[in-house]
């Protein structure tokens with residue numbers, strides 16, 4: 001991710017589709033910008049000034065550059081870890097009932113994705129009638 005002056009401010013490891021899909025820079029850039037919005041990389045007013053540049057790493061995962069943000073915050077693994085922690089918290093709150101792990105995972109996932117959709121909706125200026133659109137976007141993002 002680059003700020004308005006072209007300075008690298010953060011890196012996101014981005015994966016799209018299957019390993020045999022042909023690369024599409026525009027899709028990678030769009031996903032990186034969406035990750036920056038989800039991760040609140042910059043204040044909402046500064047989001048339009050961000051840009052993304054694709055960097056193909058052949059030596060393993062990219063390290064964060066110039067910041068202390070967790071570079072896995074918007075990866076599949078990062079999403080699952082966040083949901084796992086929330087599910088465990090909800091399970092503990094309810095007294096640690098046996099045999100309901102799937103229920104807690106679904107509840108945590110729904111809460112997490114709902115919060116992300118709400119952030120996107122707010123960043124767009126809270127447009128009337130667009131909440132469902134953001135819900136579908138974050139579900140699709142989480143499914144990749």
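The values are calculated or read from the model by the stated rules, or taken from the named source; none is laboratory data. It should be emphasised that the depicted structure is a prediction, and the values quoted were computed from it without experimental measurement. Quick reminder, even Gly has a Cβ in these numbers, built from the backbone with ideal geometry, and neighbours come from all protein chains shown.
Per-structure values
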| read-out | value |
| --- | --- |
| Residue within the stretch 66-74 that is at pLDDT 80 or above and outside any helix (DSSP H, G or I) present | no |
| Single condition residue 129 does not satisfy, out of (1) loosely packed, with under 14 Cβ neighbours inside 10 Å; (2) in contact with a helix residue (DSSP H, G or I) (Cβ under 8 Å, 6 or more places away or on another chain); (3) modelled with pLDDT under 90 | (2) |
| Near pairs, Cβ below 6 angstrom, 6+ apart or cross-chain, from the stretch 95-106 (touching a residue at least 60 places away in the same chain (Cβ under 8 Å)) to any residue that is surrounded by 10 or more Cβ atoms within 10 Å (Cβ to Cβ) and assigned to a helix (DSSP H, G or I) | none |
